[in-house]
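Report on one structure; see the data block that follows.
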2 protein chains.
Amino acid sequence: MKNLTKRQTEIFNYIKDEIENNGYPPTRSEISKTFGFKSPNAAEDHLKALKKKGVLDLAAGTSRGITLSNQSSGIPVIGLVSAGGPILAEENIEKTIPNNPGILSHGIDFYLKVKGDSMVDVGIFENDLIAINKNIPVKTGSIVVARINDEVTVKTLAKISDSQVILRPENSSYSNIEVNPKKDNLIFEGTCVGLLRDFA
Amino acid sequence: MKNLTKRQTEIFNYIKDEIENNGYPPTRSEISKTFGFKSPNAAEDHLKALKKKGVLDLAAGTSRGITLSNQSSGIPVIGLVSAGGPILAEENIEKTIPNNPGILSHGIDFYLKVKGDSMVDVGIFENDLIAINKNIPVKTGSIVVARINDEVTVKTLAKISDSQVILRPENSSYSNIEVNPKKDNLIFEGTCVGLLRDFA
DNA sequence: TTCATAACTGTAATTATATACAGTATTTAT
DNA sequence: ATAAATACTGTATATAATTACAGTTATGAA
């Protein structure tokens, strides 16, 4: 139940922004004013639709009683990626953790739980969560999440051209990975924009 | 203007918790009900006092229009610690970053910006922000923030007894620091519970 | 074609909420 | 010693806000 219409997405994003910026959710009137509705009931209808689709909850009789549902307020943590489908597919999501705007310079689309020790020399350890942005264009020198023939890996992008991509592990006991994007199926899932480690 | 009374602190923490748990601030009535006030005006008075002391803001005529002020909603980032005074003193606070409940297993009292490379072997690099909890009792094996004769350092606590404390750097080119707490002024400022790195 | 969904206008009523004013008692600074 | 701040009770009211009901128009699916 998550296929929001264009309009519903606009409304939803507005509510999200208001909570983020003001610290509390908007009223029906405020929503209506923002979108030019002449009746608060237009906002009411939208809220009901958004509730029905499961992206938010409404506390009855409560002013500003709008809360974003877990699924929509948190950032997914990707554990092991199953071969095939998209990285953000339901079955890859280990849990979600609250969004924290302002903590990092870039937006975070998901966290990836690090496996292995191939990046220890730049301080990325096993079980660290690396914050990934899907939309920053990858560039040499960046730490990227790449998918090579359905296998997902985190490496430094050392070289990129039409015929050759070099992915460098940051651990002297590993060797560079060289890929020919014309032969192999290479997809960049995103750029690493941050790191989170929990000393439990 | 930050010396809250005991009661004011209770009220303030309740409001903070409500925002965190519900997603929106409480009303005067809800505050009153929680604390057993028989008049919503008791809550109103408290809110005015808290506003006057600068820890929150009130939007006039707005239901649930309570917002925590920057100073009280963020977690301070400590850069260089000036000798002498307390680590959380105003002059040490470089900036504050939004609170992120639920991201780490432990509470965070402040972030410390890491200087030097003495902890690289456990993946703590220069300019990383380490999340510090002041109240967890320090124990061997933990990474701690220690102050030795007014100098602040981050190390692994290797040994602790009445007569000897050993602080171990996690970098083979550094040597252990041995302190006699009876002779030297040794204070543990907190335990490292997490790490945050921003790939700007 | 007909029904459901989407995206609204318009009106109205109940209730939720902020907030002022008038007090009282206690504690804390000056 | 005295004023100011703290921590409330009690009452009252304007207005902020939710939310139901009755419509209209457009669109896409069955």
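I want the antiparallel fraction of DSSP beta bridges within the protein assembly as shown, as a percent rounded to 5.
For the protein assembly as shown, the DSSP antiparallel bridge percentage is about 95.
For chain B, set up a GNM with springs between Cα atoms under 10 Å and report which of B:19, B:93, B:124 has the largest fluctuation.
Checking each option, the largest mean-square fluctuation is seen for B:19.
Shortest first and in nm to one decimal, what separations exist between residue B:98 and its copies in the other chains, measuring from label points 7 Å along the Cα-to-beta-carbon line?
1.0
Given points 7 Å out from each Cα along the Cα-Cβ axis, report the residue B:158 to residue A:150 separation in nanometres with one decimal.
In this crude label model, residue B:158 to residue A:150 measures out at 4.9 nm.
What distance in nm lies between label points placed 7 Å from Cα along the C-beta direction at residue A:69 and residue B:166?
In this crude label model, residue A:69 to residue B:166 measures out at 5.5 nm.
Where q = 0.13, 0.14, 0.19, 0.24 Å⁻¹, what log10 of I(q)/I(0) comes from the Debye formula for the stretch A:6-68, counting one point per Cα?
Once normalised to I(0) and log-transformed, intensities are -0.28, -0.33, -0.63, -1.06.
Let me know the mean shielding of B:57-64 by other chains, meaning the per-residue number of their Cβ atoms within 10 Å of its Cβ.
3
Find every distance from the label point of residue B:126 to the corresponding label point in the other copies (7 Å from Cα along Cα→Cβ) and write them in nm, one decimal, shortest first.
3.0
In Å² (nearest 100), what accessible area is buried between A and B, both sides summed, heavy protein atoms only, 1.4 Å probe?
That pair hides around 2800 Å² of surface in total.
Enter the mean number of other protein chain beta carbons within 10 Å of the beta carbon of each residue in A:189-198, as an integer.
Averaged over the peptide's residues, the number is 5.
Looking at the stretch A:148-200, send over the antiparallel percent of its DSSP beta bridges, to the nearest 5.
Approximately 100 percent, going by the DSSP bridge assignments.
Could you report the protein assembly as shown's accessible area per residue, 1.4 Å probe, as an integer in Å²?
Per-residue accessible area for the protein assembly as shown comes out at 51 Å².
Just flag the GluC sites (Glu not before Pro) in the stretch A:107-200 sitting in loop per DSSP whose Cβ has no more than 14 other Cβ atoms within 10 Å.
A:126
Would you pull out the residues with amide H under 5 Å of residue B:77's amide H, same chain only if 5 or more places away, H placed 1.01 Å from N?
For residue B:77, whose amide H was placed from the backbone, the distant partners under 5 Å are B:94, B:95, B:96, B:97, B:111.
In nm, one decimal, shortest first: how far is the label point of residue A:173 (7 Å from Cα along Cα to beta carbon) from the matching points in the other copies?
The answer, with the shortest distance listed first, is 2.2 nm.
In peptide B:29-41, what is the residue-averaged number of other protein chain Cβ atoms found within 10 Å of each Cβ?
Counting Cβ atoms of other protein chains within 10 Å of each residue's Cβ and averaging gives 0.
Quickly work out the residue B:10-to-residue B:173 label distance, labels modelled 7 Å from Cα along the C-beta direction, and quote it in nm with one decimal.
About 5.6 nm, to one decimal.
Cβ under 12 Å from residue A:97's Cβ, residue A:97 left aside: what net charge do those residues give with Lys, Arg +1 and Asp, Glu -1?
Local net charge: 0.
Ignoring ligands, DNA and RNA, what percent of the accessible area of the stretch B:79-188 is carbon or sulfur (1.4 Å)?
47
Exposed loop sites here are trypsin sites (Lys or Arg not before Pro) in DSSP loop states with at most 13 other C-beta atoms within 10 Å. What is the longest stretch of chain B lacking them?
B:39-138
Computed over the Cα atoms, what is the radius of gyration of the protein assembly as shown divided by 2.2 N^0.38 Å, N being its residue count?
It is 1.15.
Restricting things to alpha carbons, find the Rg to Rh ratio for chain A using the Kirkwood radius for Rh.
1.08
Report for chain A the percent antiparallel among DSSP-assigned beta bridges with both residues inside it, nearest 5.
That works out to approximately 95 percent antiparallel.
Please compute the length gained on full extension between residue B:126 and residue B:180, using 0.36 nm multiplied by the number of residues separating them and subtracting their Cα-Cα distance.
Working it through step by step, the gained length comes to 16.7 nm.
The values are calculated or read from the model by the stated rules, or taken from the named source; none is laboratory data. The shown structure was predicted, so the numbers you read here are calculated from the model rather than taken from an experiment. Methodologically, a virtual Cβ is constructed for each residue, glycine included, from the backbone with ideal geometry; neighbour enumeration extends over all protein chains shown. Surface areas here come from the heavy atoms of the whole protein model, side chains and all, with no ligands, DNA or RNA. Shrake-Rupley method; radii C 1.70, N 1.55, O 1.52, S 1.80 Å.
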